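Read-outs throughout are calculated quantities, based only on the coordinates presented, and are distinct from any laboratory measurement. Keep in mind it's a predicted model, so treat the numbers as computed, not measured. FYI the Cβ positions are ideal-geometry reconstructions off the backbone, even for glycines, and counts take in every protein chain you see.
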Amino acid sequence: MDFSLIKGALESKSYGKIADICDELMLQVAAQGIAFQDEWPYAIHLLGHLYINDVNSARFLWKTITSAIKESKAEVVAAWTIGQRLWMRDYAGVYEAIRGFEWSPEAQGLVTAFSDLYTKRMFELLLSAYSTISVGDTALFLGMNEEDATNYALQHGWIVDSSSRMLTVKRQLIVTEQKLDPSKLQRLTEYVFHLEH
């Protein structure tokens with residue numbers, strides 16, 4: 001079976017394409033009636049779905065994997081453990097699942113990239129949900145110890161109150177230019193004029 005597209009995506013760090021490549025390849029192989037269960041890179045496939053934050057597809061894929069594969073391939077189970085933690089919104093558990101397994105060289109880059117992306121997603125969640133948050137809770141959400149979480153937050157402009165161990169969230173100001181389309185303004189003017197007369 002030719003997994004060169006998957007290997008190429010992993011080597012070029014095109015992790016966002018992994019799930020689609022695996023899905024397409026799986027459909028092609030299945031359409032040809034080729035048995036592929038033992039050879040299939042299920043861990044990479046699951047991690048590809050998790051990387052793009054598609055837990056539903058990862059969950060569906062997990063349900064299609066035979067018991068024999070689940071029992072014989074620990075990395076597949078480890079990948080799904082991350083999916084389970086995501087599904088249950090066990091934020092700290094996601095990091096525990098990532099760190100709790102010795103990933104193969106093929107999966108290591110994808111897992112590391114997922115972990116970094118997940119940390120960024122969690123930080124954005126904290127940005128949108130909190131105005132102040134404890135250092136401990138921040139560390140839990142970011143999968144870091146309290147010192148690293150504090151430093152991470154400070155690097156992003158947050159303020160720490162050492163006595164209360166609270167972080168004040170600093171939201172980034174997003175400046176958007178509103179462009180006025182003259183044709184839309186003209187149509188609006190004509191419409192208002194028509195309504196008045």
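Of the helices (runs of 4 or more DSSP H) that lie entirely inside the stretch 80-197, those containing 2 or more residues that are under 18 Å from the mean Cα position of the chain (by Cα) and over 30 Å from LYS7 (Cα atoms) span 105-129, 135-142. Scanning the stretch 8-46 for residues that are surrounded by 15 or more Cβ atoms within 10 Å (Cβ to Cβ), hydroxyl-bearing (Ser, Thr, Tyr) and without any contact (Cβ under 8 Å) to a residue 40 or more places away in the chain yields a single hit, TYR42. In the stretch 143-160, the residues that are at positive phi reach residues that are in a loop (DSSP other than H, G, I, E, B) with C-beta atoms within less than 8 angstrom, at least six apart or across chains, in these pairs: GLY157/LYS170; GLY157/GLN172. Restricting SER57, SER67 to residues that are more than 26 Å from ASP116 (Cα to Cα) and either out of contact with any Ser or Thr (no Cβ under 8 Å at 6 or more places or on another chain) or of a type outside the set (S, T, N, Q) (or both) narrows the list to SER67.
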